[in-house]
Every structure is written in C-alpha cells, then in structure tokens.
1. Look through 94, 78 and report the one residue that is within 30 Å of residue 124 (Cβ to Cβ) and crowded, with 16+ Cβ neighbours inside 10 Å.
2. Is it the case that some residue within region 45-62 is assigned to a strand (DSSP E or B), more than 14 Å from the chain's Cα centre (by Cα) and either closer than 21 Å to residue 151 by Cβ or without any contact (Cβ under 8 Å) to a residue 60 or more places away in the chain (or both)?
3. Anything in region 86-123 that is closer than 13 Å to residue 157 by Cβ, part of a strand (DSSP E or B) and touching a residue at least 40 places away in the same chain (Cβ under 8 Å)? List them, or say none.
4. Taking into account only those residues within region 9-34 that are free of Cβ contacts under 8 Å to residues at least 40 places away in the same chain and part of a strand (DSSP E or B), which is surrounded by the most Cβ atoms within 10 Å (Cβ to Cβ)?
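Readers should treat all values here as calculations from the given coordinates under stated rules, not as data from a laboratory. Treat the numbers as computed from the prediction; the structure is a model and nothing was measured. All Cβ positions, glycine included, derive from the backbone under ideal geometry; neighbour counts span all protein chains shown.
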C-alpha cells in the first residue's frame, strides 16, 4: 500500500440531459466531475436548499479497484436567495460511499456547522446575493473503497424553514460554486 496521497478536486453539476443509475441512485442527475464541461451544456445552475432533502452528488466512475480516502478534504459551498431574503442556519457536508447492493455509508463529515447568515434579495434587480462557505473534513481514519463502491458527497442545509434559499452548482469555471478536494491513497 502506497503512502502517497493524491488529491482530486470535484465539482458538482446537474446536467439536464444525463443521469446516473448505480446502487440506490436511480436516474440521478446530480454528479461530480473532475473538470467543468463546456459553458454551453444544458444544466441546472441551482437547487432549493430544503430541510430534510439533502443534495447528493455522485461520482459515476471507478477510481481504482481498491483505494482509500485519507487526509484532509476541503472545499466550498455557495448559497443564494431567490424571490426574497434567504437564510442559512447551518450546513453539513459528508463524504459517503454507495455500493452496488444499494448500501449507503457515511464516511467523513464536517458535522453541523452553524453560520446563521441572511442572504439578501435585491427586489429591484431580481437578484440574490451569494455567500460562500469554506469547509474542511478530517479524513485521517482512512476509509477503504473497492470496485463495487462509488463515492458521493451529501450536502444538508438547515434553513430554519426559509424557503427562499438555494445552493449553486452551476457549470462555470469562472465562479466555482460547489467544489471539494478529496485526498486519496491508492
């Protein structure tokens, strides 16, 4: 087993014409990519941040037959408001795996991060402010993944009932909305 750590940065996007079916994910359009695609692709730039409805971004390919996640993962989330002022009470980012038998396992998490931030809505221009939250996840107790596993990242948001909050996941290399750098060991 190698001691070399390799970092891969993933970006969350939602292409409108492509879905993934793997394990418990059926016709799932929230995916992780290693590089942004053409700016011209048909994709959904944001989703509502709803309590109890996490966003799950799956990486649809194999990385290796057997590999480990070990080190410190880091990334960022971007929230906006739509229609009125938004609010983010707390968020949680979790690195997970799903197996071909549909078993989903949480591997590492930020835990709930309390932020209590209002996101202003400019009604005269019909545009919401954006707020970016960085995060770090301690992955020192390594997790083993094998050929029947796929990784995914789960984002949970507590909006305290505010229904005007959205999370960005646009396919835009100039404005990185949701990204995560994960440390792997082969």
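1. Values: 94 fails: within 30 Å of residue 124 (Cβ to Cβ).
One residue alone meets the criteria, 78.
2. No.
3. Scanning region 86-123 gives 86, 87, 88, 89, 90, 91, 92, 93, 94, 119.
4. Checked region 9-34; the qualifying residue surrounded by the most Cβ atoms within 10 Å (Cβ to Cβ) is 31.
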